[in-house]
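The values are calculated or read from the model by the stated rules, or taken from the named source; none is laboratory data. Computed from a predicted structure; not experimentally measured. Using ideal geometry, Cβ is built from the backbone for each residue, glycine included, and neighbour counts are taken over all protein chains shown.
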Amino acid sequence: MSENDERIKVLGSLTEAVNRLEEASAFTNLIPEVRTNLVYSKPEPSDREDVAGIDGRITVVGGFPKASGSPKFGVSDHMARAILEISKFKPSFRAGINIKFNDRIMTVIENYAEEESLKVGEIDRSEEPDKSKKGEIKSMPWKIEYLHESHGGIPKIFYETAGWGKEPLFVILGDNPVEVVDESLEISSRV
């Protein structure tokens, strides 16, 4: 597949996934304060320009999720960096979405994971080295390595605990954005 064909495929899949999200009012219960981003990378991504996301993220308008902009390459930071690091350990996880963390959602996700025989991972920010806490280096490589080492691989669902100025979040991973959105919608229907 040519480079251009691959880019079109990635953007098309993201568009389809966003269309599903925008029809599901229940998903608004999962949108965190920092808003949601949905990302999908080309195979073997090497930098942020290989990862497409929603320009401006996904917010709430009129009680429904609404993409602030179109899917584009290079517009995501946090989720793109996560996918880039994750691809080093599990290349098939090319898509991801961030959602709100709270006790109710935790219970729903734990029950969902048990039903689906999935592991839920945790990134404990209290274990984070001082250098990345202080912003001297980016913390994403440490987070994903910590997740991989502490869980014997990269789990399909994980969360980051709260940190100074950092909202705790869940991340759901998958092979493509439609899969990730469908799982998110199943979780949102139970919240």
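Observations on the model:
- Where K66 falls short, out of the listed (1) touching a strand residue (DSSP E or B) at 6+ places or on another chain (Cβ under 9 Å); (2) among the basic types (K, R); (3) within 27 Å of K138 (Cα to Cα): (3)
- Residue satisfying all of: in region 85-104; among the basic types (K, R) and assigned to a loop (DSSP other than H, G, I, E, B); farthest from the chain's Cα centre (by Cα) among these: K88
- Residue check for P155: of a type outside the set (A, V, I, L, M, F, W, C) and at pLDDT below 95: no
- Residues satisfying the stated conditions in region 62-84, i.e. outside any loop (DSSP other than H, G, I, E, B), within 13 Å of D50 (Cβ to Cβ) and not aliphatic (A, V, I, L, M): K72, F73, R81
- Of everything in region 1-49 that is aliphatic (A, V, I, L, M), more than 26 Å from E160 (Cα to Cα) and surrounded by fewer than 20 Cβ atoms within 10 Å (Cβ to Cβ), the residue that is nearest to the chain's Cα centre (by Cα) is L11.
- Region 158-191 - residue that is surrounded by fewer than 15 Cβ atoms within 10 Å (Cβ to Cβ) and small (G, A, S) and, of those, modelled with the highest pLDDT: S189
- Any hit, region 129-139, residues being surrounded by 13 or more Cβ atoms within 10 Å (Cβ to Cβ), at pLDDT below 95 and part of a helix (DSSP H, G or I): yes
- Within region 63-85, the set of residues being surrounded by 17 or more Cβ atoms within 10 Å (Cβ to Cβ) and of a type in the set (A, V, I, L, M, F, W, C) comprises A67, F73, V75, M79, A80, A82, I83, L84.
- Scanning region 86-99 for residues that are out of contact with any Ser or Thr (no Cβ under 8 Å at 6 or more places or on another chain) and buried (at least 19 other Cβ atoms within 10 Å of the Cβ), we see that the one that is nearest to H151 (Cα to Cα) is I86.
- Filter result for T107 (in a strand (DSSP E or B) and polar (S, T, N, Q)): no
- Of all residue pairs spaced 6 or more apart or on separate chains, those with beta-carbon atoms under 7 Å, a first member in region 25-47 that is of a type in the set (S, T, Y) and a second member that is crowded, with 17+ Cβ neighbours inside 10 Å and assigned to a strand (DSSP E or B) are T28/P65; T36/I58; T36/I97; T36/N98; T36/I99; Y40/A52; Y40/A95; S41/V51.
- Residues (touching a helix residue (DSSP H, G or I) at 6+ places or on another chain (Cβ under 8 Å) and under 11 Å from G96 (Cα atoms)) located in region 170-182: F170, V171, I172, L173, G174, N176, P177, V178, V180, V181
- Residue that is farthest from K156 (Cα to Cα) [pool: residues in region 100-109 that are surrounded by 13 or more Cβ atoms within 10 Å (Cβ to Cβ) and out of contact with any Pro (no Cβ under 8 Å at 6 or more places or on another chain)]: N102
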